[in-house]
Amino acid sequence: MQCDLSNKTVLVTGAGQGIGRAIALAFAEAGANVAINDRDMPRDLPELLEQCARTSDEAIFCQADGSRADAVSEMVEQVSDELGVIDVLVNNAGISQPKPFLQLSEEDWDQTLGVNLKSVFLCSQQVLPGMLEKGGGCIINIASELGYLGRAEFAPYTASKGGIITLTRSLAREFAPTIRINAIAPGPCDTEMLHSEINTPEQMERELDIPMQRFGRPEEIAATAVFLASEHAGFYCGDVLSPNGGSLMR
């Protein structure tokens, strides 16, 4: 199944590494013009842009904090000016700060909810008017299986991911059929974030205690995102696809 996204403009937030990076590269491979966003400039940005440019018409980098309204507004304006009206928004930006609940500070909570959930609100609100004026578009929000399951010492993260799932469904109902809005809730994936959370052999064993007996690959999550943005997913609305190796069967 070929997914041709030529002439589409795609903005991927939190795309400096991990799943976001894989998503940006996958959209470029599908022929889209790609705007790569991150709060920090990736160390290998020239290489990343060069990789995207091999298969896409154009790729740009937008450094912006998605939890700040002014920064998001400037980012969307930059993408629109340089690449055209955004056809696909992938809200991927996220952080994880594992900590016992009673040790959480208000700052910890606000930072995680800001990056993970508030950014979805801000980016979607800024991008939707252009999509509506154009008469179509697609938003894909990256949640997590932990948004369903919860996890000890991950309260802000799991709350934010659960919020993404329900926000996705609310927006899908409000903006269908013009805009298609769906989410992806990955299981454990082989990224720097996951490995930073694993400190003991017991934690590793727990993560791998799934039917597929391995971590997911960022490219597998990226393939799901490209599918959701393509014409092949035209009847998906408010859905949450779960590439998770069987760790959560619903």
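The values are calculated or read from the model by the stated rules, or taken from the named source; none is laboratory data. Quantities reported herein were computed from a predicted structural model and do not represent experimental measurements. In this analysis, Cβ positions are derived from the backbone assuming ideal geometry, glycine residues included, and neighbour counts consider all displayed protein chains. When the accessible area is computed, the model is the full protein with side chains, heavy atoms only, and any ligands, DNA or RNA have been set aside. Shrake-Rupley method; radii C 1.70, N 1.55, O 1.52, S 1.80 Å.
Does segment 81-95 contain at least one residue that is touching a His at 6+ places or on another chain (Cβ under 9 Å) and on the phi < 0 side of the Ramachandran plot?
Looking for residues that are touching a His at 6+ places or on another chain (Cβ under 9 Å) and on the phi < 0 side of the Ramachandran plot, one finds none in segment 81-95, hence no.
From the list VAL120, VAL85, VAL72, which one is touching a residue at least 60 places away in the same chain (Cβ under 8 Å) and either surrounded by fewer than 14 Cβ atoms within 10 Å (Cβ to Cβ) or within 19 Å of ILE181 (Cβ to Cβ) (or both)?
Matching residue, one of VAL120, VAL85, VAL72: VAL85.
Give me a count of the residues in segment 178-194 that are open to solvent by less than 20 Å² (accessible area, probe 1.4 Å) and more than 14 Å from ILE19 (Cβ to Cβ).
Final tally of qualifying residues: 3.
Residues are listed down the side, and each one gets a yes or a no for (1) among the polar types (S, T, N, Q); (2) more than 21 Å from ALA222 (Cα to Cα); (3) loosely packed, with under 15 Cβ neighbours inside 10 Å:
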| site | (1), (2), (3) |
| --- | --- |
| ASN141 | yes, no, no |
| GLY147 | no, no, no |
| ALA159 | no, yes, no |
| ILE164 | no, no, no |
| THR168 | yes, no, no |
| ALA176 | no, yes, yes |
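Kindly indicate which of ILE36, ILE19, ILE23 is surrounded by 15 or more Cβ atoms within 10 Å (Cβ to Cβ), touching a Pro at 6+ places or on another chain (Cβ under 6 Å) and at pLDDT 95 or above.
ILE19
Does ARG43 qualify as being charged (D, E, K, R) and farther than 20 Å from LEU122 by Cα?
Criteria met by ARG43.
Kindly indicate whether THR55 is of a type in the set (Ser, Thr, Tyr) and surrounded by 22 or more Cβ atoms within 10 Å (Cβ to Cβ).
No; evaluated as a whole, the condition is false for this residue.
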